[in-house]
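Data first, discussion second: the structure below is written as structure tokens.
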Amino acid sequence: MTAVAAHSDPVRVGVIGAGYWGPNLIRNVSINPRAVLTAVADSKPERRDFVAVRYPGCRIYDDAKKLIAADDIDAVIIATPVNTHFALAKAALESGKHVLLEKPMCASVAECDDLIALATGRGLTLMVDHTFLYTGAVRRILELVDAGELGEILYFDSVRVNLGLFQHDVNVLWDLAPHDLSIMDAIVKKPAVSVAAQGRAHFDRQIEDIAYLTVTFAGDAIAHFHVNWLAPVKVRHMLIGGAKKMIFFDDNEPSEKVKVYDKGVQMLTDVEEVHRALVQYRIGDMHAPHIDGTEALTLVTNEFIGAIRDKRPPRSDAESGRRVVSILEAADRSLKQGGAPVPL
């Protein structure tokens, strides 16, 4: 078991995976004043060379097992394909190391449960990199929701589409939907009760490249997601409807990403015709709040290090990762059943 750094000492971090997302995490660990980038592991020589040139003080491994076994590493960040998450995270936790996992957390709820039990039993931090929760735009939206500005959340509608990148191991739901599912989970704050999904696999008959997912909650709230690898344009839209106000979030917008609309609908009863329902629309102002420009991954690594040091649950903890995986797992069952709702 690795020796845990003293409270005042920097947390010694190893990163597994230096491919697509790993270099971003490596960079943020390297500049975090409370962390030390100790080692990186990747199976591809060109990726190891990439890291070695840029971070000459960092040890490089060709095998993740060697990194996990190192005694001078306190925490491990895993940025590898989802089907490798469970085995790597389990080995790291069993070695007494804190773990930050890329999204989605694991390939099944059962795997999530095993990791949560292991981390809890050993008093270790287990966190999921739901990056969008740490962006300035989403943090501002959550502030508005938590302050009651929107009122009761009625609906959550998301579109996340682009041309590629096709994945060989997961369908488009597992690839694109975790971002917005994690945001939905933080905003709606109610347990999902059922999931329905429809999709099509146009090229690989086993892997859907376009899908529509609907999540229902206790009460009247509903969420809908459109994810697509075949769109000619990149779209990142989100609509959040509350009883008081509504939000439009466009992540592609360079300046006014979040727009808050003071608009709503009221059902009134005509005094003279008590059986006739009247709809009254309230049209107010729109404003675009200031958005903090701090890089999301800077806050992700800060949160991971802070949770380890303070011995507290991280913001995007393993339970939130499990909830996202439970929806994705149910969505796969619904796809196989032709879109039939699957209870959670």
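The values are calculated or read from the model by the stated rules, or taken from the named source; none is laboratory data. Just so it is clear, the model here is predicted, and its values are computed rather than measured. Please note: Cβ atoms are built from the backbone with ideal geometry, for glycine as well, and neighbour counts cover all protein chains shown.
Could you identify the single residue in Leu176, Leu165 that is under 23 Å from Leu133 (Cβ atoms) and buried (at least 16 other Cβ atoms within 10 Å of the Cβ)?
It is Leu176.
Conditions first: (1) within 15 Å of Ser326 (Cα to Cα); (2) crowded, with 19+ Cβ neighbours inside 10 Å; (3) touching a His at 6+ places or on another chain (Cβ under 6 Å). Ala197 passes all but one, so which condition is the exception?
So Ala197 meets the others, but not (3).
Under 8 Å between Cβ atoms, at least 6 apart or on separate chains: pull out the pairs that start in region 175-204 with a residue that is in the same structural domain as Leu154 (by TED's automatic domain parsing) and end on any residue that is among the acidic types (Asp, Glu) and part of a helix (DSSP H, G or I).
Ala197/Asp332
Can you find a residue that is closer than 25 Å to Val99 by Cβ, of a type in the set (Lys, Arg), within 19 Å of the chain's Cα centre (by Cα) and in a helix (DSSP H, G or I) anywhere in region 139-158?
Yes - at least one qualifying residue is present in region 139-158.
So which pairs qualify, if the first residue must be in region 250-274 and farther than 19 Å from Val235 by Cα, the second must be of a type outside the set (Ser, Thr, Tyr) and modelled with pLDDT under 60, the Cβ gap must be under 8 Å, and the two must be at least 6 apart or on different chains?
Met267/Ala277; Leu268/Ala277; Thr269/Arg276; Thr269/Ala277; Asp270/Arg276
Kindly indicate which of Arg59, Arg27, Arg34 is more than 28 Å from the chain's Cα centre (by Cα) and surrounded by fewer than 19 Cβ atoms within 10 Å (Cβ to Cβ).
Within the list Arg59, Arg27, Arg34, the selection yields Arg59.
Among the numbered conditions (1) touching a Leu at 6+ places or on another chain (Cβ under 7 Å); (2) under 21 Å from Asp317 (Cβ atoms), tell me where Arg160 comes up short.
(2)
Given (1) over 12 Å from the mean Cα position of the chain (by Cα); (2) in a helix (DSSP H, G or I); (3) closer than 23 Å to Gln337 by Cβ, identify the lone condition not met by Ala107.
(2)
Determine, yes or no, whether Val99 is under 23 Å from the mean Cα position of the chain (by Cα), aliphatic (A, V, I, L, M), within 20 Å of Lys311 (Cα to Cα) and not assigned by TED's automatic domain parsing to the domain that holds Ile183.
On the way: under 23 Å from the mean Cα position of the chain (by Cα): yes; aliphatic (A, V, I, L, M): yes; within 20 Å of Lys311 (Cα to Cα): yes; not assigned by TED's automatic domain parsing to the domain that holds Ile183: yes.
So Val99 fits the description; yes.
Which one of these does Asp42 not meet: (1) touching an Asp or Glu at 6+ places or on another chain (Cβ under 8 Å); (2) surrounded by fewer than 24 Cβ atoms within 10 Å (Cβ to Cβ); (3) more than 20 Å from Arg312 (Cα to Cα)?
Single failed check for Asp42: (2).
Kindly check whether there is at least one residue in region 260-279 that is at pLDDT 95 or above, surrounded by 11 or more Cβ atoms within 10 Å (Cβ to Cβ), outside any loop (DSSP other than H, G, I, E, B) and not charged (D, E, K, R).
Checked against the condition, which is being at pLDDT 95 or above, surrounded by 11 or more Cβ atoms within 10 Å (Cβ to Cβ), outside any loop (DSSP other than H, G, I, E, B) and not charged (D, E, K, R), region 260-279 yields at least one hit.
What pairs can you find where one residue is in region 161-173 and modelled with pLDDT under 90, the other is among the aromatic types (Phe, Trp, Tyr) and outside any loop (DSSP other than H, G, I, E, B), and their Cβ atoms are less than 8 Å apart, with a gap of 6+ or different chains?
Gln167/Trp174
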